[in-house]
Amino acid sequence: MEGFNRRDALAAFLLGAAAVAPLSVFAEGSYPARPLRMVVPFSAGGGTDVVARALARTLSERLKQPVVIDNRAGAGSTIGTEAVARSPADGYTLLFASAAYSFAPAVYGNLPYRPEDLTAVAVVNSTPLMLTVNPSVPARDARAFIELLKTQPGRFSYASSGVGTTLHIAAEHFLRSAGVKAQHIPYKGEAPAMNDLLSGQVAFMVGQASSAVQYVKSGKLIGLGVTTPKRLASLPEMPTLAEAAIPGFSAYGWNAVLVPKGTPRAVIERLNREITAAVGSSQLQKTFDDLGLDRLEPMTPEGAAAFIVAETNKWRPVIQGAGIKGE
């Protein structure tokens with residue numbers, strides 16, 4: 001992964017090592033004995049929530065127990081993350097994190113939890129993002145839109161799912177890379193942000209492709225480009241932003257499952273196996289394909305921790321350069 005090095009791996013290993021507990025704490029066959037709670041630190045209906053619910057359905061079938069979604073939106077995902085960090089380390093409370101988890105240390109500084117209070121279990125997917133505009137905006141390609149922003153600096157506003165979230169950081173990365181400015185309007189989740197983009201209350205958004213594809217296909221939004229190096233299979237005619245206007249541009253979201261520090265190792269390994277199997281199932285792969293999501297290579301818990309550390313280090317200078325601070 002980009003930005004990964006041996007120091008990251010060592011830091012991740014130490015981060016995960018604290019979660020190791022005697023295997024005898026949980027007998028392999030006794031877990032899970034009751035429903036699990038998966039906390040999604042964003043509002044219902046957004047891209048992260050959609051992926052979490054798809055995973056929860058398949059995971060429920062594999063674990064033979066319900067996996068109940070608990071939406072805890074706010075403060076750039078830190079409210080839901082704190083709720084999990086303070087939960088019992090028994091394997092029954094999971095955090096469905098997004099890339100915002102890796103942004104939080106740079107965005108907020110003094111977090112209500114410590115990153116080491118959580119242990120990575122598995123990385124689920126990467127999430128292509130898409131630059132979309134309301135049809136009222138007089139631009140139909142990325143280059144024309146950038147020129148519009150240059151000639152009318154600060155006139156146009158963009159929506160995000162909150163300060164310090166993936167959509168906020170990706171949009172600021174786009175603006176800085178293009179050398180333009182726009183007004184940021186943060187929302188408590190992607191769903192309300194998307195609603196205001198559709199109604200024309202804001203001009204544009206860099207949102208999850210999984211949320212935007214249906215509206216682009218129906219003509220309710222205009223898609224100007226995807227943020228990943230390759231095009232979407234579901235919209236092959238849409239160029240990447242790197243192709244259309246900003247060579248080398250790349251930004252993407254991701255989702256991962258974490259648990260409170262101290263969760264027994266046997267439980268972490270069981271969850272890792274079941275999540276990996278769920279992500280590889282034909283059922284979830286179809287969902288990923290329909291949503292335009294990418295499956296990453298399966299990772300061990302240590303590999304997932306190393307990935308998150310690398311992402312944290314990669315985006316810190318972008319966040320600091322843009323002066324993004326949580327409220």
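Observations on the model:
- On Cα atoms only, tilt of 6-17 relative to the major axis of the chain in degrees: 50 degrees
- Taking the empirical scaling 2.2 N^0.38 Å for compact globular proteins as reference, the chain has a Cα radius of gyration ratio of 0.97.
- Rolled with a 1.4 Å probe across the full set of protein chains, the surface gives Met299 an accessible area near 40 Å².
- Theoretical gain in end-to-end length, Asp290 to Arg176 [0.36 nm per residue, Cα-Cα removed]: 37.9 nm
- Simple point charges give the picture: +1 on the Cβ of Lys and Arg, -1 on the Cβ of Asp and Glu, and for the chain a dipole about the Cα centre of about 220 debye.
- Per residue, the solvent-accessible area of the chain (1.4 Å probe, heavy atoms of protein chains only, all protein chains present) comes to 40 Å².
- Selected from His173, Ser30, Pro138, residue furthest toward positive end of dipole (the chain; charges at beta carbon): Pro138
- Qualifying aspartates and glutamates (Cα of each under 16 Å from Cα of Lys64; at least 8 residues distant if same chain): Glu28, Glu274
- Overall form of the stretch 46-146 per C-alpha gyration tensor (a/c, 1.5; a/b vs b/c): oblate
- Helix-only CD estimate at 222 nm, as mean residue ellipticity for the chain, using -39500 (n - 2.57) per DSSP H run (n ≥ 4): -13500 deg cm²/dmol
- Antiparallel DSSP beta bridges within the chain, as percent of all bridges there, nearest 5: 60 percent
- Candidates per trypsin sites (Lys or Arg not before Pro) in the stretch 228-327, loop by DSSP, up to 13 other Cβ within 10 Å: Lys230, Lys325
- FRET efficiency for Lys217 and Ser157, using Cβ-Cβ distance with R0 set to 35 Å, rounded to 0.05: 0.90
- Pairs beyond 25 Å (Cα-Cα), from Lys188/Lys286; Lys181/Lys314; Lys220/Lys314: Lys188/Lys286; Lys220/Lys314
- Solvent exposure ordering (accessible area, 1.4 Å, most first) of Val216, Val267: Val216, Val267
- Three-way shape call for the stretch 135-259 based on the alpha-carbon gyration tensor, with the a/c threshold at 1.5: rounded
- With every protein chain in place, the chain: carbon and sulfur % of accessible area (1.4 Å): 53 percent
- Taking 0.36 nm per residue of separation and subtracting the Cα-Cα distance, full extension of the segment from Glu243 to Arg273 would add 7.0 nm.
- Projecting the Cα atoms of Asn272, Gln201, Gly189 onto the dipole axis of the chain, where Lys and Arg carry +1 and Asp and Glu carry -1 at the beta carbon, places Gln201 farthest toward the positive end.
- Cα gyration tensor, the stretch 47-89 - rounded (a/c under 1.5), prolate or oblate: oblate
The values are calculated or read from the model by the stated rules, or taken from the named source; none is laboratory data. Predicted, not measured: the structure shown is a model, and the values here were computed from it. Cβ coordinates were reconstructed from backbone atoms using ideal geometry, including for glycine residues, and neighbour counts include every protein chain displayed. Remember, those area values only see protein heavy atoms, side chains included, never the ligands or the DNA or RNA. Shrake-Rupley method; radii C 1.70, N 1.55, O 1.52, S 1.80 Å.
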